[in-house]
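Only one structure is covered here, and it is reproduced in the block below.
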Amino acid sequence: MLVLSRKKNQAINIGKNIIITVVDVQGDSVRIGIEAPRSIDIYRSEIYQDILSENMKAISTKQHIVEMLDQDLKSKII
């Protein structure tokens, strides 16, 4: 992990087209602004973890349905 110190209104560039700017600092809270192409998804970490969890549930459900259909098909053949 790269750790940088920045002050209010200072920025960090990531690649050619992402800029993260410190907008405000109040106590332990830092507000940041992110400039990035619309094609790049940006999520708070806790929201991203929820999305990953829901995707895993959906995959698991699809796999379960496929297994049930496969078993049903096998029982009809035998």
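The values are calculated or read from the model by the stated rules, or taken from the named source; none is laboratory data. Just so we're clear, the structure is a prediction, and the values are computed from it rather than from any experiment. When we count neighbours, we look across all protein chains shown, and the Cβ atoms used for this are built from the backbone with ideal geometry, even at glycine. Side chains are part of the model used for accessible areas, which takes the heavy atoms of the whole protein and leaves out ligands, DNA and RNA. Shrake-Rupley method; radii C 1.70, N 1.55, O 1.52, S 1.80 Å.
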Report summary line: Tilt, helix 45-77 to longest principal axis of the chain (alpha-carbon atoms), in degrees rounded to tens, equals 10 degrees
**Report entry** Relative contact order for the chain, counting Cα pairs under 8 Å that sit 6 or more residues apart, in percent
**Finding:** 15 percent
Query raised in the report: Using a 1.4 Å probe, what is the accessible area per residue for segment 4-78, in Å²?
Result: 92 Å²
Report summary line: Summed over the other residues with a beta carbon less than 15 angstrom from that of TYR43, with K and R at +1 and D and E at -1, the charge totals -2
Query raised in the report: Per q in 0.34 1/Å, what log10 I(q)/I(0) does a Debye calculation on the alpha-carbon atoms of segment 1-42 return?
Result: -1.19
Query raised in the report: If each of ASN13 and ILE32 carries a label point 7 Å out from its Cα toward its Cβ, how far apart are those two points in nm?
Result: 1.8 nm
Requested in this report: Could you point to the residue in ILE59, VAL30, GLN71 farthest towards the positive end of the chain's charge dipole, with +1 and -1 charges on the Cβ of Lys/Arg and Asp/Glu respectively?
Outcome: VAL30
Requested in this report: Would you kindly calculate the mean projected area, averaged across all directions, of the convex hull enclosing the Cα atoms of the chain, in square nanometres?
Outcome: 8.7 nm²
Query - With DNA, RNA and ligands ignored, accessible area of ILE77 (1.4 Å probe; Å², nearest 10) - result: 130 Å²
Report task. Under 10 Å from the Cβ of VAL30, count the other residues' Cβ atoms, weight Lys and Arg +1, Asp and Glu -1, and hand me the total. Result -> +1
